[in-house]
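Q: For reference, the structure I am asking about is given below.
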Amino acid sequence: MSLQRIWDYLVATYHEIINDADKPEAMLKRHLRNIEKEISAGKAMLAKQQLLTEQYRRQASDANKLAEKRAEQARIAKEAGEEELANRALAEEEYYREKVIEYEGYAQKSTTQTEALRHRVSQLEKKYLDLKDKKNELVARAEMAKANQRVQAMLHFTTSDTLLKEFQRIVEMEIKTRELAGENPTEAKLIPASSSAAQIALNPAEGSS
């Protein structure tokens, strides 16, 4: 492995560690996407609930019309002396009156559920807008903190005695290997443990020139 590749590997490892830090912006975006999905699902359910409510109301209205129709038929049959027909019509009228009450009850229950769901969706929409309004501020703060972290980490990284000593050791091993192989040891120059290491970390390409 060449000296440049060794240094590149050390710097790449540093950047990998830094990039593995928490990403508040990504977390916020995921949270917003989750809320969007909840809102979408809530609106779909709300639409179905509204259709169900309308269906119950329509069934109650139809049942009421049939009850009125049977009541009229019973009156006509009774006036015509058709008692059996009149009684049958009255029985059906009673049945449809009961269905009216049943469907109206369903419609009322469905309406209550619809309003509760509508309130839930409204809350989610407000929450989404609030988070979206705060997004730029939170992201800016997160980026500022991340920038400060990078600066501090880079300063620590480039001034680390342990790192410089380790790199110096690798260079010395490379020189010894070349000496044993009969190469000119002056071709492998030691990198002094000075502030120049920081410049190499910031621009590794300069270290290989």
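The values are calculated or read from the model by the stated rules, or taken from the named source; none is laboratory data. Keep in mind that what you see is a predicted model, and the values were worked out from it rather than measured. Note that we place each Cβ from the backbone using ideal geometry, even for glycine, and neighbour counts take in every protein chain shown.
Q: Would you check if there is a residue in region 43-62 being β-branched (V, I, T), closer than 29 Å to S122 by Cβ and either at pLDDT 90 or above or not in a helix (DSSP H, G or I) (or both)? Write out each step before concluding.
A: Within region 43-62, the first condition is being β-branched (V, I, T), and the residues that meet it are 53.
If we keep only those that are closer than 29 Å to S122 by Cβ as well, we get 53.
From what's left, either at pLDDT 90 or above or not in a helix (DSSP H, G or I) (or both): 53.
Scanning region 43-62 turns up at least one residue that is β-branched (V, I, T), closer than 29 Å to S122 by Cβ and either at pLDDT 90 or above or not in a helix (DSSP H, G or I) (or both).
Q: Now a separate question. All but one of (1) over 30 Å from D130 (Cα atoms); (2) of a type in the set (D, E, K, R); (3) under 45 Å from the mean Cα position of the chain (by Cα) hold for E38, so report the exception by its number.
A: Every listed condition holds for E38 apart from (1).
Q: Do we find a residue being over 30 Å from E54 (Cα atoms), part of a helix (DSSP H, G or I), at pLDDT below 75 and among the basic types (K, R) anywhere in region 143-154? Quick ask: steps written out before the conclusion?
A: At the first step, the residues of region 143-154 found to be over 30 Å from E54 (Cα atoms) are 143-154.
In the following step, the residues that additionally are part of a helix (DSSP H, G or I) were identified as 143-154.
Among the residues that remain, those that are also at pLDDT below 75 are: 153-154.
With the extra rule that they be among the basic types (K, R), the set shrinks to none.
No, there is no match, as no residue in region 143-154 is over 30 Å from E54 (Cα atoms), part of a helix (DSSP H, G or I), at pLDDT below 75 and among the basic types (K, R).
Q: Check K65 against each of (1) within 30 Å of K132 (Cα to Cα); (2) modelled with pLDDT of 95 or more; (3) of a type in the set (D, E, K, R) and name the one condition it does not meet.
A: Of the numbered conditions (1) within 30 Å of K132 (Cα to Cα); (2) modelled with pLDDT of 95 or more; (3) of a type in the set (D, E, K, R), the odd one out for K65 is (1).
Q: Scan region 69-88 residue by residue and report those that are loosely packed, with under 14 Cβ neighbours inside 10 Å and either part of a helix (DSSP H, G or I) or touching a residue at least 24 places away in the same chain (Cβ under 8 Å) (or both).
A: Those that are loosely packed, with under 14 Cβ neighbours inside 10 Å and either part of a helix (DSSP H, G or I) or touching a residue at least 24 places away in the same chain (Cβ under 8 Å) (or both): E72, R75, I76, E79, E83, E84, N87.
Q: Let me confirm something: among L180, L129, which residue is at pLDDT 70 or above and under 35 Å from the mean Cα position of the chain (by Cα)?
A: On the way: L180 fails: under 35 Å from the mean Cα position of the chain (by Cα).
Result of the check over L180, L129: L129.
Q: Then there is this: Please tell me if L117 is farther than 20 Å from A44 by Cβ and of a type outside the set (K, R). Working first, answer last.
A: Numbers: farther than 20 Å from A44 by Cβ: no; of a type outside the set (K, R): yes.
So L117 fails the test.
Q: Mind checking which residues of region 89-109 are surrounded by 14 or more Cβ atoms within 10 Å (Cβ to Cβ) and over 30 Å from Q50 (Cα atoms)?
A: A89, L90
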